[in-house]
1. Please determine whether any residue of the range 182-197 is within 20 Å of the chain's Cα centre (by Cα) and modelled with pLDDT of 95 or more.
2. I'd like the full set of residues that are over 19 Å from residue 117 (Cβ atoms) and crowded, with 18+ Cβ neighbours inside 10 Å, limited to the range 73-99.
3. Yes or no: residue 45 part of a helix (DSSP H, G or I), crowded, with 17+ Cβ neighbours inside 10 Å, at negative phi and in contact with a strand residue (DSSP E or B) (Cβ under 6 Å, 6 or more places away or on another chain)?
4. Quick test for you: out of 164, 156, 115, pick the one residue that is part of a helix (DSSP H, G or I), surrounded by 15 or more Cβ atoms within 10 Å (Cβ to Cβ) and touching a helix residue (DSSP H, G or I) at 6+ places or on another chain (Cβ under 6 Å).
5. Which count do you get for residues in the range 197-223 that are surrounded by 15 or more Cβ atoms within 10 Å (Cβ to Cβ) and either free of Cβ contacts under 8 Å to residues at least 60 places away in the same chain or on the phi > 0 side of the Ramachandran plot (or both)?
6. Any idea how many residues of the range 50-77 are in contact (Cβ under 8 Å) with a residue 40 or more places away in the chain, touching a helix residue (DSSP H, G or I) at 6+ places or on another chain (Cβ under 8 Å) and part of a helix (DSSP H, G or I)?
7. Given 56, 1, which one is modelled with pLDDT under 95 and either surrounded by 15 or more Cβ atoms within 10 Å (Cβ to Cβ) or more than 23 Å from residue 121 (Cβ to Cβ) (or both)?
């Protein structure tokens, strides 16, 4: 894989999508992890200063916000910090019976609400940070971090994102950090998934190439089950087949950026 060519291809695509939508730039939720840092670096290549990084601590590890601010400064990307601890706690008080999963998803949906507020105000697109591995198994919050206008690294496995990040000169401390969505204290992606990204990448790549994954049968079966169970997260809501559904459904991006 020619990583410099890949970086140029994705950056050009970001610029094209912004231009086609009539938007001015992109807004990104910057977590301090490798995925969001990679999307930010690619967007900066594409758009220069027309990129806004939004750091949204929400009962998060303090170092993550520091890392996010540092990486934004390294790439000279404008950044704002919007603490969500207080509104999150207020909502939890109003929803005392919410499960741990429901509360975790609430954090992701609060963050996306903030990103779309900035996007609407600035006439920017929301650049999502999901990668191919996470999208395939549904490891994202529906209408939370899964809600975006464009997904620049959505075609890259986690392994490929890390390789591209090195090409973009993102610090090793960010690339090698234990992946975590910061949904609760001590939460890590791989522990929650029950599988390593290395195994997930191998299975997803094999399935996409229509070959049997070189892993234990139970591992392949688990990944296939995750893909099947999360199909609804990758599709538009089903419409009851009565009357005439809108013919515009399925078109790329909304016609008017102000109505995102």
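The values are calculated or read from the model by the stated rules, or taken from the named source; none is laboratory data. In this text, all values refer to a predicted model and were calculated from it rather than measured experimentally. Cβ sites come from the backbone with ideal geometry, for glycine too, and all protein chains shown count toward neighbours.
1. no
2. 75
3. The answer is no for residue 45.
4. None of the others qualify; the one that does is 164.
5. Final tally of qualifying residues: 11.
6. 3
7. Of 56, 1, the one residue that is modelled with pLDDT under 95 and either surrounded by 15 or more Cβ atoms within 10 Å (Cβ to Cβ) or more than 23 Å from residue 121 (Cβ to Cβ) (or both) is 1.
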